[in-house]
Amino acid sequence: MVTRGTTNPNRLRRVDNWIVESCGDVVASAADPLVVDLGYGATPTTAVELRARLAARVRADVRLVGLEIDPVRVAAAEPAAEPPGLTFARGGFELAGLRPCLVRAFNVLRQYDESEVPAAWQTMTRALAPGGRLVEGTCDELGRLGGWLLIDATGPRTLTLAARLDTLESPARFAERLPKALIHRNVPGERVHDLLRAMEEAWRATAGYAPYGPRQRWSATVGTVRAAGWPVLDRPRRWRLGEITVPWHTVAPNP
């Protein structure tokens with residue numbers, strides 16, 4: 001399906017920085033450093049930004065292909081192309097026959113039915129180069145709040161939630177920006193509901209850190225969640241950036 005196409009400069013900065021940190025090794029070691037930005041939208045802004053960040057911080061010879069199902073958007077993006085490092089083409093979940101080491105698919109599956117998500121994941125991961133990764137998720141229009149999954153050929157591996165901390169009212173806000181596979185599962189009895197409830201309780205319990213700034217309160221919140229038994233995967237350095245990452249099995253939907 002053609003997405004709404006809305007995009008803004010730096011909308012995907014949070015996930016891009018996470019990709020550089022968490023998936024940079026995949027790009028750096030790839031025989032062919034090919035990356036696909038699937039569904040970049042009405043303008044190529046976020047595709048241009050991802051390529052620039054990877055080239056500056058991971059591998060200078062990275063090649064990024066922006067794919068859109070809408071040929072009008074592909075044509076509109078052409079003036080931004082800088083072959084061979086940055087090109088645009090028409091394509092969907094099959095990735096236009098490419099074999100990338102990394103795919104970013106953001107705000108693409110949001111408009112699909114939850115039942116269609118596993119097949120879309122499978123189509124994309126089958127097209128990956130060996131050892132490749134898929135980062136799939138969603139964020140708000142300004143990129144202040146988002147959630148994404150790291151997926152490989154075996155399926156989802158982790159869930160990451162990230163926010164601009166000085167605008168975060170409470171962790172409950174993440175409910176509206178969960179990836180499509182989880183957004184309808186924020187109900188009692190589901191694991192992701194338990195996680196968000198634990199985060200909200202920890203947020204209230206750490207209110208005393210608020211005078212020291214949002215980073216201090218968020219770090220204390222994540223630390224409290226981990227102390228309660230949740231297997232938080234990242235380190236405090238990432239917490240201070242407004243992130244929390246947990247294994248997929250701790251939030252996976254009930255059958």
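Whole angstrom only: what separates the Cα centroid of the stretch 14-30 from the Cα centroid of the stretch 62-105?
Rounded to whole Å, the Cα centres lie 18 Å apart.
In whole Hz, what ³J(HN,Hα) sequence does the stretch 209-219 give by Karplus (6.51, -1.76, 1.60; θ = phi - 60°), x for Gly and Pro?
Rounded to whole hertz, the list is 7, 4, x, 8, x, x, 5, 5, 5, 5, 4.
Leaving out ligands and nucleic acids, note down the accessible area per residue over the stretch 111-161 with a 1.4 angstrom probe, in whole Å².
Numbers: 1960 Å² over 51 residues.
On a per-residue basis, 38 Å².
When the Cα centres of the stretch 196-247 and the stretch 124-194 are compared, how far apart do they sit, in Å?
Taking the Cα centre of each part, the stretch 196-247 and the stretch 124-194 sit 17 Å apart.
Determine the dipole magnitude for the stretch 83-123: charges of +1 sit on the beta-carbon of Lys and Arg, -1 on that of Asp and Glu, nothing else is charged, the reference point is the Cα centre, and the result goes in debye to the nearest 20.
My answer is approximately 260 debye.
Identify which of 183, 151, 244 has the largest mean-square fluctuation in a Gaussian network model of the chain, with springs joining Cα atoms closer than 10 Å.
It is 183.
Identify, among 163, 38, 84, the residue whose Cα sits farthest towards the positive end of the charge dipole of the chain, taking +1 on the Cβ of Lys and Arg and -1 on the Cβ of Asp and Glu, with the dipole about the Cα centre.
163
Based on the Cβ-Cβ distance from residue 129 to residue 187, what FRET efficiency comes out when R0 is 35 Å, to the nearest 0.05?
Working: r = 37 Å, r/R0 = 1.07.
Result of the calculation: an efficiency of 0.40.
Highest mean first, how do 115-122, 51-58, 130-137 rank when packing is the count of other Cβ atoms within 10 Å averaged over residues?
Averaged packing, sorted descending, gives the order 130-137, 51-58, 115-122.
Magnitude of the Cβ-charge dipole of the chain, K/R +1 and D/E -1, about the Cα centre, nearest 20 debye? If you can, show how the numbers build up before the last one.
Numbers: 33 positive and 28 negative charges, 138 e Å.
The calculation lands at about 660 debye.
Give the peptides 101-113, 77-89, 190-202 in descending order of average Cβ contacts within 10 Å, highest first.
Working: 101-113: 21.5, 77-89: 15.4, 190-202: 18.8.
The packing order, highest mean first, is 101-113, 190-202, 77-89.
I'd like to know which of 214, 251, 179 lies farthest towards the positive end of the charge dipole of the stretch 172-255, counting +1 on Cβ of Lys and Arg and -1 on Cβ of Asp and Glu.
With unit charges placed on the Cβ atoms, the residue in question is 214.
The values are calculated or read from the model by the stated rules, or taken from the named source; none is laboratory data. Just so we're clear, the structure is a prediction, and the values are computed from it rather than from any experiment. Positions of Cβ are backbone-derived with ideal geometry, glycine not excepted, and every protein chain shown enters the neighbour counts. Protein only, heavy atoms only, side chains kept; ligands, DNA and RNA dropped before computing areas. Shrake-Rupley method; radii C 1.70, N 1.55, O 1.52, S 1.80 Å.
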